1. Please arrange Asp329, Asp512, Asp696 by accessible surface area, largest first, computed with a 1.4 Å probe and ligands excluded.
2. What distance in nm separates the simple spin-label points at Asp556 and Asp206, each placed 7 Å from Cα in the Cβ direction?
3. Taking Cα pairs under 8 Å and at least six residues apart, what relative contact order does the range 413-514 come out at, in percent?
4. State whether the range 307-395 is rounded, prolate or oblate according to the following rule on the C-alpha gyration tensor (a ≥ b ≥ c being the square roots of its eigenvalues): a/c under 1.5 gives rounded; otherwise a/b larger than b/c gives prolate, and the remaining case gives oblate.
5. Not counting ligands, DNA or RNA, and with a 1.4 Å probe, what is Ser8's accessible surface area in Å² rounded to the nearest 10?
6. Each residue of the range 643-648 in turn: what ³J(HN,Hα) in whole Hz from Karplus with 6.51, -1.76, 1.60 and θ = phi - 60°, glycine and Pro shown as x?
7. What is the distance, in nm, between label points placed 7 Å from the Cα along the Cα-to-Cβ direction at Ala606 and at Thr52?
8. Compute the label zone of Val423 within the range 448-477: residues whose backbone N is under 17 Å from the point 7 Å along Cα-to-Cβ.
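The values are calculated or read from the model by the stated rules, or taken from the named source; none is laboratory data. This one's a predicted model, so the numbers in the text were calculated from it and none came from an experiment. Methodologically, a virtual Cβ is constructed for each residue, glycine included, from the backbone with ideal geometry; neighbour enumeration extends over all protein chains shown. The accessibility values were calculated without ligands, DNA or RNA, using every heavy atom of the protein model including side chains. Shrake-Rupley method; radii C 1.70, N 1.55, O 1.52, S 1.80 Å.
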Amino acid sequence: MGDDSVTSADWASLEQTLGGTVRRTGAVAAGVYLLSPGEPVLGLTALCGLPTRTVAPWWRVAVSAAGPLSEAVREDRLVWVGRQEDMARLYPNAAAGLPYQFAMAFAPLHGTRRWGALALMWPQSHPPSLTRRERGHILSTAHRITRILDRSPTAWSIPAEPRTAPLPVYGTDPARTGLAADDLLQRLPVGALGFDLQGRITYLNDAAARLLGRSADSLLGTLPWQAVPWLDAPVHEDHYRAAVFGREPVGYTAPGPTPRWIQIRINPGDPATTAYPPPPPRGPAPAAPPHVTTAPDPSPQTPGTGRIHQLLHLAAALSQTVTVADVVDTVADQILPAFGAQGMVVSAADAGRLKIIGHRGYDPRNVARLDGLPLDTDVTPVGRVLRSGVPAFYADPAEMTATHPRAPALSGKQAWAFLPLMVSERRVGCCILSYDRPHPFGAGDRAVLVSLAGLIAQAMDRALLYDAKHDLAHGLQQALLPAALPPVPRLDVAARYLPASRGVDIGGDFYDLIRLGDTAAAAVIGDVQGHNIKAAALMGQVRTAVRATAGAAPGDVLARTNRVLMDLETDLFVSCLYVHIDLAEGRLRLAGAGHPPPLLYTPGPAPRAVALPVEPGPLLGIHACTEADYPLTTASFPPGALLALYTDGLVETPGTDITDSIAALARQLAPNAVLPLDDLADSLLHHTSLRHTRTDDTALLLLRGR
C-alpha cells in the first residue's frame, strides 16, 4: 500500500480506527492484513502497538496456511485464541515463532470484496474467552475498516513494509511533564532507560549512561543489544520482546560489564517501555545469585533472539511444504520480507545444469540468461558455492565484480547471498537472495541464513521427489483416461476431471463412454481406493475390464469386472457405477458397486433433479464377495433428460453428511440444467469448490438425451 495510491484522509481514518480500537478494547496491538491482488497471500498493511520487526515473519501469510489468521479469511468468521497453550495446541506452527503469553482475535474484512482480516492482541491477563461486548467491538471495528477500504477499492495495495499507526496519547502537556520527569530521573542513583515501540533508546539518565559505558548522545536512537557489547546476548532482546508482547513487567538477573550481576526490570507501557538497571554496587563483587540461569555469553557473533524465533517460524513454514511450488512460494512470501531482500532465485541441479524453478523480483529476461548454466559455472558464484558447499555473501557490486565481473550486470542487483542447498553432501541446488541496494551481512544474519539454507535444502529435496512421483502418477492417469469421448447420436456429453488440491497424491478416479450402436451407449464412472501410482494403474485395468464386457447386463458387467480384480489379487477396492442408456426406448438400466448415486434431471411442467435410488452392490475387489450380486435399477430417460455421474470428491465435505451434500448438488443442478453441458459442468465444479477445499480427485460425466 503506497501513499501515492491512497488518500491521506483514508490513511488517517485507518490509523485512528486502529489506535482507537486498541484503547477501547484494552488490546495492546492491532494490525490490518489485506489480500494480495492476483495471489492467495495476506500482507500486513498497517500495524499499531507492536514493533514492525518483531512481526517480520508474519508480514506475508498464505491464505492456505494452517493458522488463525488464514482460517478467519477462509471461513469468513471471527477466530479467537485465548491462551498461548491454545495457540500451541491448535496452530503449532504459528506458535513456534512467538513463544510468549498473549491472546489474539482475527476478524474478516468482507465488504465489496474479501479484503483480508483485522488482527488484535491482548496481554496474558485477558480472560480466556471474549465477552459479548468485546466481540461486538471487534466486529464493529472490522466493519468500519471495511468501509474505509471500500471507498477506493482499486487503490489499496500491500506495502513492502507495514505502515505503523501511532497510538493515541492522552493526558497533560507532554512537554511540561517531560521536563519535570527528566529533572527527577537525573537525580536518581538507579539507571533509567526509555524505549520506543521498536526498542530504540529514547531516553536515559546519567546513571544508565555510566552503567552502559557510553555517552547518552551515542546511545540515543540505538537498539541496546546492538550498541552495547555486554548486552549483545539473546536473553536481553528476548525479555524485551516478552514484555512488549505480554504487557507484563519482566525482571531478570544478568551478568554486567564487570564480574558483577545486575538486576534488570522492564516495564511495558503505551507507547513507551522503561528499564531500570541498578547502579554498580560498591565493594567486592558478589557471587552469582543462586537458582539463576546464566545468560549466553555476550558475543557480537550471536544472532538476536528475534532471529532465532524467526528461524523457528520459517522452519515450521517449510515443514508444511509439499511441492516445489510450495517451497518457492514460502521462500518468496516469508523469507524475503523477513531478511529485507527484494529478489530471489531458486535453482535445482538437473542433469549437470542449474534449472531455475522459481524467482521473484527479477526481470524474466535476466532469468532466461541465467537458466541452464552448468553446475560448475564461473559466470556467477553459484558454481563455486555448490562445489565447496560454502555460502557466499556480497555486500555491494564492487565485491562481486572482483571475482565475477559479469554477474552484477546479469542480475541488476546490488547485494547477494548465495546459499548452497546440500543434503548429505549431495547438491540439490542453490537459493540466491538479492537486494536492490548495497546490504551488509552481519554475523547474525549470516548464521541464520546458513541454518535456513539447510532447511530449504531438505524441503526442496523432499519436494523434488514428490513432484517427480506426482508427475509420473498424473501422466499415467491421464494416459489411461479417454482422450476424447465418442460421438453418440441423440446424446450430448461433457466430462471433467480435477485432481485433488495441492498436497495430495494423484488418485484413481475414472470415467468412460462406450458407444454400443446408433441408439445405445454405456457410461461408467468409478473411484479406485488410494492416491498413488498403484491406484492409477489399477484404474486403467478396471476401465479395460468394463470395456471388455460392455453391452451385457449392467449387473453382469460389474460381476465380471469384480472377478478380474480377484484374479489380479489386488488389495485395493473400487467403487463403480455402470449405466446402459437405451435412447430408442428412453430407458436407463443401472448397477452400482458402492458408488454415490447419479443425479437425474427430468424436464416438464415441474422439472426437478433427484438422486436415483440405485440399490448398491459391494465394492469391487472385496475377496469375500467373489460371487457378488449387483442389483439392477431402471429409470426413464426421455429427450431433454440429463444424467450426472460423479465421484465422491465432488460431494464429500468434512463434517457434513454426504446425503446433504448430494441434495445440495441436486439443487444446484436443477435450475442450471438447460445450460450448455460444458457451462453446466463448470458451474457444478465451481459450486462445490466454494463449499470446501478438494481433498480428493473429482470426476464428472454429464449426459443429456435429445
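1. Working: Asp329 60, Asp512 0, Asp696 25 Å².
So, going from the largest accessible area down, we get Asp329, Asp696, Asp512.
2. 11.0
3. Relative contact order here is 22 percent.
4. On the way: a/c = 1.66, a/b = 1.54, b/c = 1.08.
Prolate.
5. 100
6. Once rounded to whole Hz, the list reads 10, 10, 9, 7, 9, 5.
7. Once both label points are built, they end up 6.5 nm from each other.
8. 452-472
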